[in-house]
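Novice: Below you'll find the structure I mean.
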Amino acid sequence: MGKPEDFAETLERLTPGLRRYARALLAGANNEVADELAQAALRTTADEARADAAAIDPRVDLYIALSNAAQRRLRAAPAHRPSLRQPAIMHRLADLAFEEREILLLVALEGFTYEEVARITRTDRPVVMMRLMRARSALTALDRRPTPDAGRRPGPHLRLVK
């Protein structure tokens with residue numbers, strides 16, 4: 001990584017994505033909880049970098065630390081449900097198993113490769129692909145569920161007047 005300034009700049013550059021991932025991973029939790037987890041991941045990664053600068057990959061290590069912190073948090077406290085004001089995708093993400101949501105977000109939201117996701121989740125590539133397939137399938141199935149107003153047309157409802 002080089003100089004400590006470079007490492008600090010790298011962490012600063014990666015922080016917005018880490019916060020975005022934390023908020024999506026903890027679908028339903030308030031932003032303060034997600035920000036606490038992001039800060040914990042930043043501290044953990046910075047501490048590990050001080051201990052062994054040669055072995056650190058900041059981007060992957062930040063997401064490993066955040067995923068570990070989120071799992072500890074979810075074991076200690078029940079998962080929150082998204083508020084009604086949050087978009088439908090947050091409700092759909094909250095319905096996924098944590099492992100599936102985690103992998104879907106790492107691939108689709110954060111753009112990690114399957115190999116990087118396998119390192120972050122401490123699994124192997126076939127497991128990553130299977131969980132990703134299940135997550136995508138579950139979201140697709142949710143799109144096909146009938147809604148209460150399924151018979152109505154989308155968009156503005158105008159009457160024809162003759």
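The values are calculated or read from the model by the stated rules, or taken from the named source; none is laboratory data. Keep in mind the model is a prediction, meaning the values are calculated, not measured. Ideal geometry is used to build each Cβ from the backbone, glycine not excepted, and the neighbour counts take in all protein chains shown. With ligands, DNA and RNA removed, areas are computed over all heavy atoms of the protein, side chains included. Shrake-Rupley method; radii C 1.70, N 1.55, O 1.52, S 1.80 Å.
Novice: Could you please give the count of residues in the stretch 62-101 that are among the basic types (Lys, Arg), more than 21 Å from residue 138 (Cα to Cα) and not in a helix (DSSP H, G or I)?
Specialist: Residues in the stretch 62-101 being among the basic types (Lys, Arg), more than 21 Å from residue 138 (Cα to Cα) and not in a helix (DSSP H, G or I): 1 in total.
Novice: Within the stretch 117-125, is there a residue that is part of a helix (DSSP H, G or I), out of contact with any helix residue (DSSP H, G or I) (no Cβ under 6 Å at 6 or more places or on another chain) and free of Cβ contacts under 8 Å to residues at least 40 places away in the same chain?
Specialist: No, the stretch 117-125 contains no residue that is part of a helix (DSSP H, G or I), out of contact with any helix residue (DSSP H, G or I) (no Cβ under 6 Å at 6 or more places or on another chain) and free of Cβ contacts under 8 Å to residues at least 40 places away in the same chain.
Novice: Name the single residue that is nearest to residue 116 (Cα to Cα) among those in the stretch 16-67 being open to solvent by 20 Å² or more (accessible area, probe 1.4 Å) and among the polar types (S, T, N, Q).
Specialist: 44
Novice: Output the residue which, of all residues in the stretch 100-128 that are of a type in the set (S, T, N, Q) and more than 16 Å from residue 66 (Cβ to Cβ), is most open to solvent (accessible area, probe 1.4 Å).
Specialist: Looking at residues that are of a type in the set (S, T, N, Q) and more than 16 Å from residue 66 (Cβ to Cβ), I get 113.
Novice: If you take the residues of the stretch 75-99 that are of a type in the set (A, V, I, L, M) and under 24 Å from residue 111 (Cα atoms), which of them is most open to solvent (accessible area, probe 1.4 Å)?
Specialist: This residue is 89.
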